[in-house]
Every structure is written in structure tokens, then in C-alpha cells.
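**Q** My questions all concern the structure below.
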Amino acid sequence: MALTTELVGKVLDGLFARQITHAQNIANVTAERPQFHAVSFEQELSALMREPASESERLARIRGFQPIVTLVAQPAQGDFRADLEVSKAGENTLRYQMLVSMLDRTLQLHHSALTEGRSR
């Protein structure tokens, strides 16, 4: 359970970092020299989980993991599509909400199992 909880936490961290990055990219559209960034974490976490290791080693690796923010190649003047960035931000929000909802449901099930077990 600890491994899953840590992994979900890191995914939420990655999605949160991505949301902030989308907001910054949208805000930078009107800057004189805009810089656009991207956040990656899904493939890196997946690779980390595939590496042979004990559960405690995986747990330590996950705890040490941070989302990766990179500078994206600068688009030509006027080529940045703010509408697409807003769309990506919306998609990211949906992923975050879905994961939080799944986590909430899982915790509700655990709570029910614990409280019903005590009443017997």
C-alpha cells in the first residue's frame, strides 16, 4: 500500500507542476521574449517501476523522484497556440480530478472495511 500511495502522490505532484507550467506558458504569450516549458514524469515513473528492485528500493526511488521541467524549443513569433495550451491545461485538470476521485473512493472503501470490521 505504501508504494502505491507514494506513486499516486508523485503523479499528483507531476500533474500539479504541469498545471502551473501551462498557466505560465499562457501568461508568457505576450512577453517580449516568451519562454515555454513542458513537464514530464509519466515515462520516467513508469521506467522507474519497471527497473528490478525490492519494494523498499522502489519506495526510496519514488520518494526521491521529481517531475522534470524542460524548456521547449522556442516557436517562431506568433506560432504559439494559446488555445492549444488552454486545452492541454483543461485535459491536465481532468486527469488530476480523476486521480483524486479514484484515491478518494479507495480511501472510502478502506474506511468502510475498517469501521465495519470494528463493529463485529
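What follows draws every value from the coordinates through simple rules; no lab data is involved. Bear in mind that the values here come from a model prediction, so they are computed numbers and not experimental data. Using ideal geometry, Cβ is built from the backbone for each residue, glycine included, and neighbour counts are taken over all protein chains shown.
**Q** If I model a spin label as a point 7 Å beyond the Cα along the Cα-Cβ vector, how far apart are those points for Gln108 and Leu84 in nm?
**A** Label-label distance for Gln108 and Leu84, simple model: 3.8 nm.
**Q** Calculated FRET efficiency, Leu99 and Glu32, Cβ-Cβ r, R0 25 Å, to nearest 0.05? Could you put the intermediate results ahead of the total?
**A** Values: r = 37 Å, r/R0 = 1.48.
So, using R0 = 25 Å, E works out to roughly 0.10.
**Q** Mind giving me the nanometre distance, one decimal, between the label points for Arg118 and Asp13, set 7 Å out from Cα along Cα→Cβ?
**A** 3.1
**Q** Hey, another quick one. What is the list of residues in segment 1-32 whose amide nitrogen lies under 18 Å from a point 7 angstrom out from the Cα of Val69, following Cα to Cβ?
**A** Counting only backbone N, you get 10-31.
**Q** Which order do peptides 58-68, 15-25 fall in by mean Cβ count within 10 Å, highest first?
**A** Values: 58-68: 14.6, 15-25: 18.7.
Answer by packing, highest mean first, reads 15-25, 58-68.
**Q** Sticking with this one: Based on the alpha-carbon gyration tensor of segment 55-120 and its eigenvalue square roots a ≥ b ≥ c, which shape applies: rounded if a/c is under 1.5, prolate if not and a/b is larger than b/c, or oblate?
**A** Numbers: a/c = 8.88, a/b = 2.01, b/c = 4.42.
The shape class here is oblate.
**Q** If you don't mind, there's one more thing I want to ask. Normalise the Cα radius of gyration of the chain by 2.2 N^0.38 Å (N = residues in it) and let me know the number. Write down the numbers at each step before the final one.
**A** Values: Rg = 18.8 Å, N = 120, 2.2 N^0.38 = 13.6 Å.
The reported ratio for this selection is 1.38.
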